[in-house]
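Reading through the structure tokens given below for one structure.
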Number of protein chains: 2
Amino acid sequence: MSRSNPRVLSTLERAGGFASAQEVYRLMQREGESIGLTTVYRSLQSLVNDKIVDVLRREDGEAIYRLCGEAHHHHLVCKGCGDTVEIEGGAIEKWAKAMAEEHGFRDVGHTAEIFGLCAKC
Amino acid sequence: MSRSNPRVLSTLERAGGFASAQEVYRLMQREGESIGLTTVYRSLQSLVNDKIVDVLRREDGEAIYRLCGEAHHHHLVCKGCGDTVEIEGGAIEKWAKAMAEEHGFRDVGHTAEIFGLCAKC
DNA sequence: TATGGAAATGAAAATCATTTTCATTTATGT
DNA sequence: ACATAAATGAAAATGATTTTCATTTCCATA
């Protein structure tokens with residue numbers, strides 16, 4: 001088992017607390033940090049295990065890592081132009097919590113994304 | 001541009017209206033149908049374009065295709081054992097619709113999944 | 001009924017994210 | 001200094017998906 005390379009976490013933070021493994025890697029390269037892609041993946045996974053970040057999926061299937069504790073929000077994504085609006089989801093939080101309780105689940109997280117065509121498209 | 005091979009749609013229906021491209025392919029093979037993986041992918045994409053099916057992502061990033069019009073439901077997934085409970089999400093439907101309207105989006109769909117540890121794990 | 005072009009097909013190669021392997025380097029305790 | 005464990009990263013393996021391209025099937029029309 002390996003522990004997370006601290007530079008990975010710091011880069012993820014600098015990236016706005018939201019990025020894919022490849023993006024973190026590219027970012028570190030651009031900034032002149034010497035690190036291997038493998039280490040980036042391993043560190044991110046380790047951060048996930050430690051519940052310091054969690055994982056979502058882009059529409060194209062790429063995994064994106066998000067700092068836990070970041071203001072939790074959801075996305076409204078345009079299928080046409082890809083524009084993304086951050087929206088707030090109090091209703092979802094309540095729903096998730098209620099459903100989890102009802103079925104005896106604990107330690108729950110959730111994802112919720114809305115997609116459609118924006119006004120311009 | 002290519003049109004959907006009707007056997008693909010019929011197989012997706014038979015699969016319970018919910019399967020990945022690879023699964024549809026394997027299923028057709030098992031049933032003795034002669035078809036190429038490429039055609040399965042193309043047909044599913046074409047069905048997506050025609051809004052006859054839509055796409056979600058498994059936790060591992062694999063795309064799964066769902067017949068539109070299937071009773072729309074959400075999932076509560078255990079991170080430990082993978083057990084999945086189908087749950088209903090009236091609250092989400094309303095939320096999605098409200099958010100879409102507020103931002104001028106039309107033709108919207110959504111995904112929402114809850115994940116945690118089930119009582120057994 | 002031929003026939004020419006468009007659409008459909010599928011095998012094989014290409015792509016891309018992610019994981020695994022494995023040899024090397026770095027840390028740490030004794 | 002030594003031994004052992006942990007961390008690292010290059011390269012290969014994996015697996016889903018897409019692209020390429022040559023071939024086959026359809027279909028409308030001469």
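The table for this structure:
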{"read-out": "Boolean, residue A:102 is away from DNA strand C (no atom under 16 Å from the Cβ) and either more than 13 Å from chain B (Cβ to nearest Cβ) or over 26 Å from residue B:86 (Cβ atoms) (or both)", "value": "no"}
{"read-out": "Test: residue B:12 is away from chain A (no Cβ under 12 Å), closer than 22 Å to residue A:117 by Cα, part of a helix (DSSP H, G or I) and within 13 Å of the chain's Cα centre (by Cα)", "value": "no"}
{"read-out": "Condition broken by residue B:86, with the remaining ones in (1) more than 16 Å from DNA strand C (Cβ to nearest atom); (2) within 30 Å of residue A:85 (Cα to Cα); (3) more than 14 Å from chain A (Cβ to nearest Cβ); (4) not basic (Lys, Arg) satisfied", "value": "(3)"}
{"read-out": "Complete set of residues in region A:111-121 that are facing chain B (nearest Cβ under 7 Å) and over 16 Å from residue A:56 (Cα atoms)", "value": "A:116, A:117, A:118, A:119"}
{"read-out": "Selection within region B:5-42 - closer than 18 Å to residue B:69 by Cα and touching a residue at least 24 places away in the same chain (Cβ under 8 Å)", "value": "B:8, B:9, B:12, B:13, B:17, B:18, B:19, B:20"}
{"read-out": "Index of the failed condition, residue A:108 passing every other in (1) more than 9 Å from chain B (Cβ to nearest Cβ); (2) away from DNA strand D (no atom under 14 Å from the Cβ)", "value": "(1)"}
{"read-out": "Any hit, region A:82-99, residues being at pLDDT below 80 and among the small types (Gly, Ala, Ser)", "value": "yes"}
{"read-out": "In region B:20-62, the residues that are at positive phi and within 10 Å of DNA strand D (Cβ to nearest atom)", "value": "B:61"}
{"read-out": "Out of A:31, A:23, A:13, A:62, sole residue that is more than 25 Å from residue A:110 (Cβ to Cβ) and not hydroxyl-bearing (Ser, Thr, Tyr)", "value": "A:31"}
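Conditions (1) buried (at least 16 other Cβ atoms within 10 Å of the Cβ); (2) within 12 Å of the chain's Cα centre (by Cα), marked per residue:
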residue	(1), (2)
B:40	yes, no
B:48	yes, yes
B:54	yes, yes
B:62	no, yes
B:84	no, no
B:98	no, no
B:119	no, no
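Conditions (1) over 30 Å from residue B:21 (Cα atoms); (2) more than 14 Å from chain B (Cβ to nearest Cβ); (3) within 16 Å of DNA strand C (Cβ to nearest atom), marked per residue:
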position: A:19; (1), (2), (3): no, yes, yes
position: A:23; (1), (2), (3): no, yes, yes
position: A:30; (1), (2), (3): yes, yes, yes
position: A:38; (1), (2), (3): no, yes, yes
position: A:47; (1), (2), (3): yes, yes, yes
position: A:59; (1), (2), (3): no, no, yes
position: A:62; (1), (2), (3): no, no, yes
position: A:78; (1), (2), (3): no, no, no
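The values are calculated or read from the model by the stated rules, or taken from the named source; none is laboratory data. Computed from a predicted model, the values in this text were never measured in an experiment. Quick reminder, even Gly has a Cβ in these numbers, built from the backbone with ideal geometry, and neighbours come from all protein chains shown.
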